[in-house]
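Here is the structure we will look at, set down as C-alpha cells.
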Amino acid sequence: MSAELRSNFLRTQIQADLEAARVDALVTRFPPEPNGFLHIGHAKSITVNFGLAEQFGGQCHLRFDDTNPEKESQEFIDSIQEDVRWLGYQWAGEVRFASSYFEQLYQWALYLVDEGLAYVCDLSAEEAREYRGTLTQPGRNSPFRDRSVIENRDLFERMRRGEFADGERALRAKIDMTSSNMNLRDPILYRIRHAAHHQTGSEWPIYPTYDFAHGQEDAIEGITHSICTLEFEDHRPLYDWFIGNLPVPHQPRQIEFARLNTSYTITSKRKLKELVDENVVAGWDDPRMPTIAGLRRRGYPAAAIRHFCEEVGTSRSDGTVDVAMLESAVRDHLNQHAPRAMCVMQPLRLTLTNLAEPMLLTVPNHPADPEFGSRELVMGSELYIDQADFREEANKQFKRLVLGKRVRLRGGLVIEAESCEKDADDNVVRVLARCVTSVPGTDPDDGVKPKGVIQWVSAEHGLSATIRRYDRLFAVPEPGREDDMLAAVNPHSLEVIEAAMVEPGLSEAEPEQVFQFEREGYFVADRYDHASERPVFNMTIGLRDNWSATHA
C-alpha cells in the first residue's frame with residue numbers, strides 16, 4: 001500500500017480489518033436523505049465512501065434513507081443520482097431505499113417489543129422532552145414504560161393499522177433514562193405519520209426514525225464499514241445496541257470522520273432551502289450555491305472537486321477549510337484543460353484606420369499545449385475592445401491602450417491610438433488607431449514596443465453574448481454563525497452583462513464547456529440557457545484570487 005493510503009486513518013483501519021480477516025471484502029454505502037440537493041460536504045462523503053471501495057476493490061451502495069416522507073421528493077432522488085454519476089462514481093447494484101426494508105424493520109420492532117426492549121409511549125413531544133432530562137440531569141422513566149409486552153404489541157400493531165392520530169403515540173426503545181449519553185435515553189423507534197410516501201404511497205401510517213433504521217439497513221445490505229461524520233459519534237452506542245439486540249444477518253462497524261466545512265459557505269439543507277424559498281438564488285442549482293449541481297453549473301470540474309476533497313484529507317478533527325483552497329484546485333485544473341478564447345465585456349468600437357484588407361489570423365487555443373490546436377480569426381478594420389482597456393491619458397502603470405501609445409492585439413498586430421470620438425455625455429464611443437506592424441507577432445521597426453496585450457472581437461463576425469459574473473454568495477467567512485443569514489448575503493454576488501461580444505467560434509461551444517476568456521477568467525457555457533444563436537456564459541472563477549485583496 002502506498003504512503004498516501006497509509007496516512008489515512010480510515011484506510012489504515014480498513015486495511016487492518018481485511019488483513020485480520022474480520023471482513024472478506026469492503027462494502028461501504030453513501031446514504032443521503034432525499035430532502036434537498038447534495039452540497040460540497042456531501043461531495044467529500046461521496047469521495048470517501050466510493051473512493052475507499054475503489055481503492056480496496058470493494059463496492060459502495062447508494063441508499064436513500066427515505067424515512068421522512070414529508071420533506072422528500074423524486075426530484076431530489078434524481079438529482080442525487082445525477083450528482084454521484086457526474087462526480088465519476090457508480091454504485092454497486094440497483095439504487096437502494098430504506099423504504100424497501102420497511103416490513104423487515106417493522107418485524108424487528110415487534111421483536112424488540114416481544115423481548116421487553118421496546119414500549120409504546122403516550123407522552124406528547126413536549127412531555128417527552130421534559131422527561132428526557134438534560135446534559136447535566138438524568139431523565140425520568142415514562143409513566144408508560146412498564147406496560148406489558150401484550151399491551152405494547154397490541155398498541156404497536158394498531159399504530160401500524162393507522163388507528164391513532166399523528167403524534168398520539170410513539171414506539172420507544174427501553175434502554176436507560178439515566179444514561180450520560182442522551183441518545184440512549186429510550187429513543188423513539190417509530191412515529192405516527194399519516195403521510196404519503198414517494199415510494200410506498202399510503203401503505204404505512206408509521207415511519208421508523210433514522211437512528212433505528214440506519215444500522216439495520218447496513219446489516220441487511222452487508223455493509224462492512226458504516227462511515228459517518230463526527231456528529232454521529234454519540235449515536236454509535238445506540239447503533240451498536242440495536243445491532244446487538246436484534247437478529248440481524250450481519251454486524252457492520254461504524255467509524256466517524258470529520259465533515260467538510262468551507263469558509264463563506266452554508267451547508268445546512270434547511271438554510272439552503274431558505275435561500276431558494278426566499279428567491280435569494282434562482283434554485284438549488286444556482287451557480288452561487290455550494291450544491292454539487294450549483295458547482296457543476298458554475299463550471300467547476302468534477303476532477304477538481306475530487307482532487308480538493310483528497311487534498312483536505314480525512315481526519316478526526318473538525319475544522320473549516322478556506323474556500324480559496326477549492327477555488328485554487330479549480331483554477332489549477334482549468335489552467336491546464338480549458339481552451340482560450342476572447343470576450344469583450346463592455347464593448348468599445350475600435351477602427352483601424354490603415355488596415356486595407358481583413359487579415360486571417362491563426363491563434364493557438366492554448367499557449368502552453370500544442371495538442372489543443374489552433375483557430376482562425378478574421379481581423380478587419382472594425383473591432384471591439386473593452387472599455388476598460390482604453391484611456392485618453394494614463395500613468396505608466398496602465399499597460400493598455402492610451403492615446404499616442406501602443407498595444408498589441410492578441411494574436412494580431414501592434415496598434416497605436418490616434419484619437420477618439422465621444423457622445424453628448426462625453427463618453428468615448430469609438431477609438432481610432434493605426435496599425436504599426438503588418439505581420440502578426442512582430443515588433444515595430446522603430447523599436448518602440450507595445451505596452452501590453454489586449455483582447456478584441458471582430459465587429460462583423462463577433463457574437464453578442466450574455467455573461468453572468470459570479471462572486472461568493474456570502475460576504476462573511478462564517479455565514480452559518482450569523483443571527484440573520486440573509487443579511488450576510490453578498491449584494492454583488494451576481495452581475496449580468498447582456499451585451500458582451502465573443503468570438504464567432506463560441507457559437508459551437510457545447511453546454512458545460514469551459515473556456516478561459518483571456519485576461520478575464522474562466523467561463524462555462526450554461527448547462528441550460530446557452531444556445532449557438534445566443535451564447536450564455538457563467539463565470540467559473542477569476543484568473544487569480546482577487547477576493548483576498550479586495551476584502552482584506
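The values are calculated or read from the model by the stated rules, or taken from the named source; none is laboratory data. Bear in mind the structure is a predicted one, so any value in this text is a computation, not a measurement. Reconstructed Cβ throughout: ideal geometry from the backbone, glycine too, with neighbour counts over all protein chains shown.
Looking at this structure, is residue 90 within 23 Å of the chain's Cα centre (by Cα) and either at pLDDT 95 or above or surrounded by 15 or more Cβ atoms within 10 Å (Cβ to Cβ) (or both)? Yes. Residues in region 359-414 that are basic (Lys, Arg), assigned to a strand (DSSP E or B) and more than 35 Å from the chain's Cα centre (by Cα): 391, 406, 408. Screening 306, 270, 316, 298 for residues that are among the basic types (Lys, Arg) and under 21 Å from residue 530 (Cα atoms) leaves exactly one candidate, 298. Would you pick out the residues in region 277-289 that are surrounded by fewer than 19 Cβ atoms within 10 Å (Cβ to Cβ) and either over 14 Å from the mean Cα position of the chain (by Cα) or among the β-branched types (Val, Ile, Thr) (or both)? Matches in region 277-289: 277, 278, 279, 280, 282.
What do you reckon, is residue 56 under 28 Å from residue 79 (Cα atoms), touching a residue at least 60 places away in the same chain (Cβ under 8 Å) and out of contact with any Gly (no Cβ under 7 Å at 6 or more places or on another chain)?
Considered against the rule, which asks whether it is under 28 Å from residue 79 (Cα atoms), touching a residue at least 60 places away in the same chain (Cβ under 8 Å) and out of contact with any Gly (no Cβ under 7 Å at 6 or more places or on another chain), residue 56 comes out as no.
The set of residues in region 85-108 that are farther than 21 Å from residue 291 by Cα and either assigned to a helix (DSSP H, G or I) or aromatic (Phe, Trp, Tyr) (or both) comprises 97, 98, 99, 100, 101, 102, 103, 104, 105, 106, 107, 108. Condition check: modelled with pLDDT under 95, outside the structural domain of residue 542 (by TED's automatic domain parsing) and closer than 27 Å to residue 447 by Cα. Does residue 358 satisfy that? Judged against the criteria, residue 358 is not a match.
Yes/no per residue for (1) in the same structural domain as residue 199 (by TED's automatic domain parsing); (2) surrounded by fewer than 19 Cβ atoms within 10 Å (Cβ to Cβ); (3) over 40 Å from the mean Cα position of the chain (by Cα):
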position	(1), (2), (3)
111	yes, yes, yes
130	yes, yes, no
137	yes, yes, yes
151	yes, yes, yes
186	yes, no, no
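Identify, by number, the condition in (1) in the same structural domain as residue 294 (by TED's automatic domain parsing); (2) farther than 30 Å from residue 531 by Cα; (3) among the small types (Gly, Ala, Ser); (4) at pLDDT 95 or above that residue 493 doesn't meet. Failing condition for residue 493: (2). Could you figure out which of (1) assigned by TED's automatic domain parsing to the domain that holds residue 405; (2) of a type outside the set (Asp, Glu); (3) under 44 Å from the mean Cα position of the chain (by Cα) isn't true of residue 485? Just one mismatch for residue 485, condition (1). Selection of first residues in region 501-523 that are over 16 Å from residue 334 (Cα atoms) and of a type in the set (D, E, K, R) and of second residues that are at pLDDT 95 or above and outside any strand (DSSP E or B), restricted to Cβ pairs under 8 Å at least 6 apart or on distinct chains, gives the following pairs, ordered by first then second residue: 503/342; 503/462.
In the set 82, 4, only one residue is part of a helix (DSSP H, G or I) and at pLDDT 95 or above; that residue is 82.
Residue 167 - would you say it is exposed (fewer than 14 other Cβ atoms within 10 Å of the Cβ) and either among the aromatic types (Phe, Trp, Tyr) or farther than 23 Å from residue 246 by Cα (or both)? Here the answer is yes, as residue 167 does meet what is asked. Per this entry, residue 304 is not counted among residues that are closer than 25 Å to residue 76 by Cβ, in contact with an Asp or Glu (Cβ under 7 Å, 6 or more places away or on another chain), part of a helix (DSSP H, G or I) and not assigned by TED's automatic domain parsing to the domain that holds residue 93. Of all the criteria given as (1) at pLDDT below 95; (2) in contact with a strand residue (DSSP E or B) (Cβ under 6 Å, 6 or more places away or on another chain), the one not satisfied by residue 351 is (1).
Within region 278-291, one or more residues are without any contact (Cβ under 8 Å) to a residue 24 or more places away in the chain, aliphatic (A, V, I, L, M) and either in contact with a Phe, Trp or Tyr (Cβ under 6 Å, 6 or more places away or on another chain) or part of a loop (DSSP other than H, G, I, E, B) (or both).
Hey, can you tell me all the residues within region 533-547 that are of a type in the set (Asp, Glu) and at pLDDT 85 or above?
533
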